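Let me begin by presenting the structure, written as C-alpha cells, before commenting on it.
Only the coordinates and a few stated rules stand behind these numbers; no lab work does. This structure is a prediction, so every number in the text was calculated from the model and none was measured. Cβ placement follows ideal geometry from the backbone for every residue including glycine, while neighbour counts extend to all protein chains displayed.
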Amino acid sequence: MANPPFSLATALLSLSLLSLSPQSAAQAVPPLLLPLAEPVQQAAELGQQALNLSQEADQQRSDAQQQLAELAQLEFAIAREQHYLAELQRQQQAQQQQLQQLTEIDEALAMQMEVWYARLERHLYQDLPFDPDARHRRLTQLRQVMDQPDLAIAERFARLHEALFIELKLGSDLTLSEQVLPLAGTPMAVTTVRLGRMGWYALSQDGQQGYRYGADCQRWLPLAPAERAELQRGIAMLDQQALPEWITLPLSRTAQEASQ
C-alpha cells in the first residue's frame, strides 16, 4: 500500500496539534509527520520570542521618550528657577544700593540740619527780643527732638522746618499788643507795635513816653516828641480808630539787616 502524499496543508494541520498534550499529540499526529513536530514547535517559540522582543523594544522606546520629555520639563524648570534667582539677586543688589544711597542722604541731611539749627539759634539771639519765652522754649524743644537718635530723620526735619517757618512768618507780622517791658529802669505797662523785624516800638499808657528798640545797641531808645506822635497815630490806625495814612518812624534795623 502506497504512503499518502505530504503537503503544506498537512504541515499546518500538525501545528494545531502542538497545543495538545504529548500523549494526545502522539495519538493525533500521523506517524509520518512526527519528525516535523519538533522543528515546527521551535519555529513557533522563536516567533513568540521575536514578538515579545518587539513589544519590549516598543515599550523601551516609549519609556525613553517619556523620560526625555520629563528631562526637558525638568531642564526648563531649572532654567526658570535660575532666571528667577538671578532676578532676585539683581533686585536685592539694587535695593542694597538704594539703602546705601538713602543712608548717605540721611547722613548728609543730618549734618545740614545741624547747620540750619545753628543758624536758627544764632538768629534768635541776634534778632529783636520779642516774645522771648515762647521762642526760646520752641528752640529748646526742637533741640530735644533733634537729639533723639531713634526718631526718623523725616520727623526731625519736619520739626526743624516748622520752627524755621514760624520764625520766617514772625518776620512779616504786624502786631499790636499790651505788654510790660523794662523801660527807663523799671517795668512799664506799654502798648507795643512790631513791624516784622524792622521796627519794634513801645508807648506808655499815658502816651507821654515812647521808645524804639535799637537792634545795634540792643536796648530801648527814647523817641523824640514828633516820633512819639507818629507812633500814637500808627497805634490808632492799627486799632482802627483812625484812617490809614503815612507815618514816619525810625527803624530798629534796616531791611537788609532784618533779612540776614
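Any chance you could run the full-extension gain for Val40 through Asp150? It's 0.36 nm times the residue separation minus the Cα-Cα distance, nm to one decimal. If you can, show how the numbers build up before the last one.
Details: separation 110, 0.36 × 110 = 39.60 nm, distance 9.92 nm.
Contour length minus Cα-Cα distance gives 29.7 nm.
Roughly speaking, what is the stretch gain from Gln49 to Leu102, that is 0.36 nm per residue apart minus the C-alpha to C-alpha distance, in nm to one decimal?
Gain on stretching Gln49 to Leu102: 11.3 nm.
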| query | Order of 214-226, 98-110 by packing, highest average Cβ count within 10 Å first? | reply | 214-226, 98-110
| field | Cα-based Rg of the range 117-260 normalised by 2.2 N^0.38 Å, two decimals | value | 1.21
| note | Given unit charges at Cβ for Lys, Arg (+) and Asp, Glu (-), the dipole magnitude of the range 108-169 about its Cα centre in debye, nearest 20, is 100
| note | What one gets for the range 108-169 as the Kirkwood radius, inverse of mean 1/r over different Cα pairs in Å, is 11.9
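Kindly state, to the nearest 0.05, the FRET efficiency for Gln141 paired with Leu168, given R0 = 22 Å and r defined as their beta-carbon distance.
Numbers: r = 18 Å, r/R0 = 0.81.
With R0 = 22 Å, the Cβ-Cβ based efficiency is 0.80.
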| If R0 is 51 Å, what FRET efficiency do you get for Leu88 and Arg61 from their C-beta distance, rounded to 0.05? | 0.80
| request: For the range 126-171 and the range 98-120, compute the distance between their C-alpha centroids and round to whole Å. | output: 17
| Cα-based Rg / Dmax (Å) for the range 174-259 | 12.3, 35
| query | If you place +1 on the Cβ of every Lys and Arg and -1 on the Cβ of every Asp and Glu, how big does the dipole about the Cα centre of the range 174-259 come out, in debye to the nearest 20? | reply | 200
| query | Would you list Tyr213, Tyr201 from fewest to most Cβ contacts within 10 Å? | reply | Tyr213, Tyr201
